[in-house]
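Each remark here refers to the structure printed beneath this line.
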Amino acid sequence: MGRNEKSKTAVIVGAGPGGLAAAMLLGAKGYEVDVYEKQSVPGGRSGRLKLGEYTFDRGATFLMMPQLLEELFEQAGRSVHDYVELHKLDPLYGLYFDRGRTVLMPSSDNEETARRIKALFPGEEAGFYRFMTDESVKYEHVEPLLRRPFGGFGDYMKADAIKALPYLKITDTVYGQLSRYFKDERLKYAFTFQSKYLGMSAWNCPGTFTILSFMEHRYGLLHPKGGISALWDAMVKVAEEHGVRFHLGTPVERIVTDKGRATGVRLPGGETRLAEHVVIGADFASAMNHLFEPGVLKKYTPQKLEAKKYSCSTAMLYLGIDGEIDLPHHSIHFADDYAKNVEEITGSQKLSEDPSIYVHNPSKLDPTLAPAGKSALYVLMPVPNLKGDADWSGRRAELKEWMLDRVEMIDQLKGLRGRIEEEAFFTPQDWQDSLDVYRGATFNLSHNLGQMMAFRPHNKFEEVDRVWLVGGGTHPGSGLPTIFESARISVDLIEKADGSRRAHAAPQPLGAAGGTE
């Protein structure tokens with residue numbers, strides 16, 4: 001369809017994963033779309049970072065639920081495999097306990113994982129099988145709720161929600177649920193640390209989210225060649241093939257409204273881009289604070305946003321290292337007192353003396369990220385968001401050395417300082433100042449019961465008509481699979497608002513698509 005034949009227009013604010021997915025889908029459906037992104041690269045907080053000859057993903061480092069990505073591209077009339085080379089990981093990751101003396105490396109093969117559990121924790125393998133069986137049933141009931149909007153309390157009375165309620169485990173926690181399957185604390189942690197993907201404590205995160213660990217073990221984890229940012233390049237390309245226009249390095253100053261309805265956006269210099277729909281893919285709280293004229297919003301005023309609960313943050317080291325690193329693609333190095341570490345991050349909000357560390361070491365699998373024989377090492381430390389009292393600006397150099405000290409406590413990383421060729425240190429303050437992440441809460445609004453489903457900002461924005469939300473700050477929530485799903489939900493709602501009578505095939509269940517290799 002030519003540009004002059006397109007009858008509906010949309011502006012997307014932000015080229016993060018949600019904005020990119022929305023651009024692909026709207027473009028494929030015949031909408032005239034313009035995407036405005038403040039940064040010079042797509043991907044939002046998960047965009048590409050280049051340091052000399054080294055390439056890093058700034059945020060997300062792996063792909064979960066590849067079937068959903070396949071389905072997304074199919075809905076845009078494309079195959080993701082024509083654009084991105086996906087590698088399935090085995091092991092999924094290395095889990096290092098007791099200062100590295102106990103190492104569990106779960107496999108993408110469940111039988112092999114059970115054998116490895118048995119070798120380290122005799123008798124506990126039966127719990128793994130029970131967990132996978134129970135979670136499979138739970139997932140079948142929860143999955144439909146992640147594929148449709150929750151615009152009000154009436155949505156809880158629909159048949160799928162009523163049917164799912166006994167399986168949601170909302171009155172329990174992720175840790176409580178895993179305690180039903182495993183006795184050894186280390187093994188519980190091996191299946192609860194995924195709560196950190198939501199920036200939450202497993203001791204507070206609703207029991208529903210044990211499905212995160214299940215999905216990893218059921219569907220595996222993948223690495224796109226070139227990093228996660230290769231996905232953003234692919235999504236931009238598909239969207240452009242459908243006529244979508246991208247304006248990188250171009251922030252949006254205001255969403256223009258008239259009598260409670262969005263009419264477009266105002267750009268730097270005063271230019272206005274009119275559109276029938278405005279899709280917000282920017283960080284939710286930052287967008288609410290800065291994109292609307294003061295007084296327009298009533299539900300999401302600065303004071304009310306301040307009172308909401310937000311995820312933890314992360315301190316990041318991106319290191320170009322001379323030589324190879326003897327660690328798996330993903331590794332997690334647990335604090336000796338992991339429960340205390342998590343409570344300090346999410347409860348008392350102070351820096352732990354003994355923090356946990358996540359290390360991404362993709363260069364052995366993917367030679368495009370670093371020069372031959374060298375390593376692009378990504379190190380993440382979960383820390384309190386900016387509500388905590390750490391002085392990330394005044395003590396920046398000191399806190400960077402503190403983090404490097406912790407990194408060098410890992411046997412495989414001893415003496416790492418002497419091998420660093422390129423480096424960048426990124427703090428919660430940087431997340432806020434450079435990427436507009438409110439409070440530096442890298443996983444967005446928290447996923448407590450009061451901020452889930454109908455209690456989360458709606459895909460169809462409640463306060464201004466013709467505004468739609470995508471990303472981690474709306475339903476279904478944080479994480480790439482659910483962010484992609486937020487875009488699909490919002491695009492479907494846009495079509496309904498426009499009275500589309502196009503016939504669309506019923507969506508497949510997540511995981512129903514074909515293979516990923």
Here is a check on your reading of the model: is residue 218 touching a residue at least 60 places away in the same chain (Cβ under 8 Å), closer than 17 Å to residue 480 by Cβ and open to solvent by 10 Å² or more (accessible area, probe 1.4 Å)?
yes
Please verify whether region 270-277 includes one or more residues that are free of Cβ contacts under 8 Å to residues at least 60 places away in the same chain, over 22 Å from residue 25 (Cα atoms), in a strand (DSSP E or B) and of a type outside the set (S, T, N, Q).
no
For region 53-69, give me each residue that is part of a helix (DSSP H, G or I), open to solvent by less than 10 Å² (accessible area, probe 1.4 Å) and of a type outside the set (A, V, I, L, M, F, W, C).
66
Positions within region 99-119 being free of Cβ contacts under 8 Å to residues at least 40 places away in the same chain and either open to solvent by 40 Å² or more (accessible area, probe 1.4 Å) or of a type in the set (A, V, I, L, M, F, W, C) (or both), in sequence order:
101, 103, 109, 111, 112, 114, 115, 116, 118, 119
For region 377-392, does any single residue satisfy the condition of being of a type in the set (Lys, Arg), surrounded by fewer than 21 Cβ atoms within 10 Å (Cβ to Cβ), in contact (Cβ under 8 Å) with a residue 60 or more places away in the chain and touching a helix residue (DSSP H, G or I) at 6+ places or on another chain (Cβ under 8 Å)?
yes
Among the residues of region 462-492, how many are closer than 22 Å to residue 292 by Cα and surrounded by fewer than 24 Cβ atoms within 10 Å (Cβ to Cβ)?
6
For the structure I just gave you, tell me whether residue 419 is over 20 Å from residue 60 (Cα atoms), exposed (fewer than 15 other Cβ atoms within 10 Å of the Cβ) and charged (D, E, K, R).
no
Within region 258-283, considering residues that are farther than 21 Å from residue 474 by Cα and β-branched (Val, Ile, Thr), the one surrounded by the most Cβ atoms within 10 Å (Cβ to Cβ)
263
Restricting attention to region 170-200, report how many residues are part of a loop (DSSP other than H, G, I, E, B) and either closer than 18 Å to residue 122 by Cβ or of a type outside the set (A, V, I, L, M) (or both).
9
Inside region 311-332, can you point out the residues that are closer than 14 Å to residue 196 by Cβ and in contact with a helix residue (DSSP H, G or I) (Cβ under 7 Å, 6 or more places away or on another chain)?
311, 312, 313, 315, 332
Being of a type in the set (Phe, Trp, Tyr), crowded, with 18+ Cβ neighbours inside 10 Å and at pLDDT below 95: is that true of residue 139 here?
yes
So residue 434 passes all but one of these: (1) open to solvent by 10 Å² or more (accessible area, probe 1.4 Å); (2) polar (S, T, N, Q); (3) touching a residue at least 40 places away in the same chain (Cβ under 8 Å). Which condition number does it fail?
(3)
From the list 96, 36, pick out the single residue that is closer than 21 Å to residue 491 by Cβ, open to solvent by 10 Å² or more (accessible area, probe 1.4 Å), among the hydroxyl-bearing types (Ser, Thr, Tyr) and not in a helix (DSSP H, G or I).
36
Counting only residues that are under 30 Å from residue 27 (Cβ atoms) and among the aliphatic types (A, V, I, L, M), which one in region 66-122 is farthest from the chain's Cα centre (by Cα)?
76
So residue 10 passes all but one of these: (1) touching a Leu at 6+ places or on another chain (Cβ under 7 Å); (2) open to solvent by less than 60 Å² (accessible area, probe 1.4 Å); (3) under 29 Å from residue 428 (Cα atoms). Which condition number does it fail?
(3)
Go through (1) open to solvent by 10 Å² or more (accessible area, probe 1.4 Å); (2) within 19 Å of residue 346 (Cα to Cα); (3) in a helix (DSSP H, G or I); (4) not hydroxyl-bearing (Ser, Thr, Tyr) for residue 203 and report which single condition fails.
(3)
Check whether at least one residue in region 330-340 is open to solvent by less than 40 Å² (accessible area, probe 1.4 Å), out of contact with any His (no Cβ under 6 Å at 6 or more places or on another chain) and part of a helix (DSSP H, G or I), and report yes or no.
yes
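The values are calculated or read from the model by the stated rules, or taken from the named source; none is laboratory data. It should be emphasised that the depicted structure is a prediction, and the values quoted were computed from it without experimental measurement. Note that we place each Cβ from the backbone using ideal geometry, even for glycine, and neighbour counts take in every protein chain shown. Quick note on the areas: whole protein, heavy atoms, side chains included, nothing else; ligands and nucleic acids left out. Shrake-Rupley method; radii C 1.70, N 1.55, O 1.52, S 1.80 Å.
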